[in-house]
Amino acid sequence: MKSVKKYSFAFVGILSLFSIIMETSCTNKSKDEKPITLVMAEVNPEDSITGQFSTAFKKKAEELSDGKIKIDLQYNGILGDESQIMKLIVSPDSSIHLARVSASLASYGGKKSKLITIPYTFSSTEHFWKFASSPIAKEILDEPYENGLGVKGICYGEEGFRNFFAKTPIYSIDDMKGMKLRVSNAKTMKDLVKALGAEPVQVNFTDLYAKLLIGETNGAEQPIANYYSNAFHKVAPYMIMDGHNLGAVQILINAVAWDSLSENQKNILTEAGQYATEECKKIAKKAEQTVIDKLVEEGGTVIEVEDKTPWQKACKDVISESSKDFPELYQKILNLK
């Protein structure tokens, strides 16, 4: 065991030294390059976990490039909701170059990324971070670029486990039957909601608050920090901590924009992504309990799930169906815990 510890320490030291060398090298090379501006979309507020994740990426890229790479980061869905952003960013002439989006690109042809959103894949946030730093993560991030889908993944982040929330209490699966719940466009999420007896509905994220307010939608699902930062608890005050999957996110770049960059600029964005990932890990860890306390203070109700077995059994067919194309790769992800 002692030799393993020494090896791990040495390896971390090598990584740190490499990071310093890379940062110095990037800064020096950037002095000879023309300034560029990359437009980046973030649908959540600046103070949300993903907002801070995106901000960390922006600041580090600008710092490493000595200001030669400027990230024009737009928060609060100003550039559209996620589906609108994805339709733009996959186009060769997209006016959006970077975006922070959900980790699954299954709806856009990124088949392997579907594995990340399968219900109950990650047993803990520690399990996810082992995945995020593994070769498997890079394989999935690179898939859309290698398959000519118009985008390339740069890095992963997370915003906590995703939970259902509603205008009326949810104490068990039975309480979800017949509910109209807003979910993302991912097939896995639609199938999950159906397996739980509810009806998945498509609502633009930017319209969700209003739809909840007038009762056109009974509820939705979000990580708890995002639920709070968007004030959804004001109109749908009941959240059940079912933790059906982890709110994995990623920063991706338009393929044409990526191809237009020099190797130095690509290295800078890669390094900025690694930095943002580490920052996200710290931010997300602190956020959840703080948010729970605030929700309770403001009249929200957080309902714990003591036994998730009934939930897992209800969606076992979804898990099997969603992982059937890459069973070995999925098992590798499970084995990382």
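The values are calculated or read from the model by the stated rules, or taken from the named source; none is laboratory data. The model shown is predicted, which means the values in this text are computed figures rather than measured ones. Note that each Cβ is placed from the backbone with ideal geometry, even for glycine, and that neighbours are counted across all protein chains shown. Protein only, heavy atoms only, side chains kept; ligands, DNA and RNA dropped before computing areas. Shrake-Rupley method; radii C 1.70, N 1.55, O 1.52, S 1.80 Å.
Quick notes on this one:
- The residues listed here are 285, 308, 316, 332; of these, the one that is among the charged types (D, E, K, R) and under 18 Å from the mean Cα position of the chain (by Cα) is 285.
- For region 271-337, no helices (runs of 4 or more DSSP H) sit wholly inside it while including 1 or more residues that are closer than 24 Å to residue 230 by Cα.
Every residue, every condition in (1) at pLDDT below 95; (2) open to solvent by 30 Å² or more (accessible area, probe 1.4 Å), yes or no:
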position	(1), (2)
252	no, no
267	no, yes
274	no, yes
282	yes, yes
289	yes, yes
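- Residue in region 240-250 that is assigned to a helix (DSSP H, G or I), closer than 27 Å to residue 111 by Cβ, of a type outside the set (Ser, Thr, Tyr) and out of contact with any Gly (no Cβ under 9 Å at 6 or more places or on another chain) present: no
- For region 164-180, filtered to residues that are of a type in the set (A, V, I, L, M, F, W, C) and assigned to a helix (DSSP H, G or I), the residue that is surrounded by the fewest Cβ atoms within 10 Å (Cβ to Cβ) is 173.
- Residue in region 88-101 that is of a type outside the set (Ser, Thr, Tyr) and modelled with pLDDT under 95 present: no
- Taken across region 191-202, residues that are open to solvent by less than 10 Å² (accessible area, probe 1.4 Å) and touching a Phe, Trp or Tyr at 6+ places or on another chain (Cβ under 8 Å) do occur, with at least one present.
- Selection over region 131-163 of residues that are assigned to a helix (DSSP H, G or I) and open to solvent by less than 10 Å² (accessible area, probe 1.4 Å) gives a count of 4.
- Screening the candidates 96, 69 for the property of being among the aliphatic types (A, V, I, L, M) and either in contact with an Asp or Glu (Cβ under 6 Å, 6 or more places away or on another chain) or within 14 Å of residue 272 (Cβ to Cβ) (or both) yields one hit, 69.
- Residue within region 112-130 that is modelled with pLDDT of 95 or more, closer than 25 Å to residue 292 by Cα, assigned to a loop (DSSP other than H, G, I, E, B) and open to solvent by less than 40 Å² (accessible area, probe 1.4 Å) present: no
- A Cβ distance below 9 Å, combined with a sequence gap of six or more or placement on separate chains, defines the contacts here; from region 90-104, residues that are under 22 Å from residue 70 (Cβ atoms) reach residues that are surrounded by fewer than 19 Cβ atoms within 10 Å (Cβ to Cβ) and of a type outside the set (A, V, I, L, M, F, W, C) in the pairs 96/74; 97/37; 97/72.
- Top-ranked residue in region 293-326 [being of a type in the set (S, T, N, Q) and without any contact (Cβ under 8 Å) to a residue 24 or more places away in the chain; ranked as surrounded by the fewest Cβ atoms within 10 Å (Cβ to Cβ)]: 309
- Of all residues in region 181-218, those being in a helix (DSSP H, G or I), more than 21 Å from the chain's Cα centre (by Cα) and within 18 Å of residue 245 (Cα to Cα) number 2.
- Members of region 59-104 that are under 19 Å from residue 142 (Cβ atoms) and either among the basic types (Lys, Arg) or outside any loop (DSSP other than H, G, I, E, B) (or both): 86, 89, 98, 99, 100, 101, 102
- Condition check for residue 218: more than 21 Å from residue 238 (Cα to Cα), open to solvent by 50 Å² or more (accessible area, probe 1.4 Å) and either in contact with a helix residue (DSSP H, G or I) (Cβ under 8 Å, 6 or more places away or on another chain) or polar (S, T, N, Q) (or both): no
- Annotation note: Cβ proximity below 8 Å between a residue of region 127-144 that is in contact (Cβ under 8 Å) with a residue 40 or more places away in the chain and a residue that is among the aromatic types (Phe, Trp, Tyr) and in a helix (DSSP H, G or I) (sequence gap 6+ or interchain) occurs for 144/108.
- Residue check for residue 20: at pLDDT below 75, open to solvent by 30 Å² or more (accessible area, probe 1.4 Å) and of a type in the set (A, V, I, L, M): yes
- The set of residues from region 254-265 being buried (at least 22 other Cβ atoms within 10 Å of the Cβ) and assigned to a helix (DSSP H, G or I) comprises just one member, 265.
- For first residues located in region 185-214 and on the phi > 0 side of the Ramachandran plot, partners that are of a type in the set (D, E, K, R) and assigned to a helix (DSSP H, G or I) and lie 6+ apart or on another chain with Cβ distances below 9 Å form the pairs 197/174.
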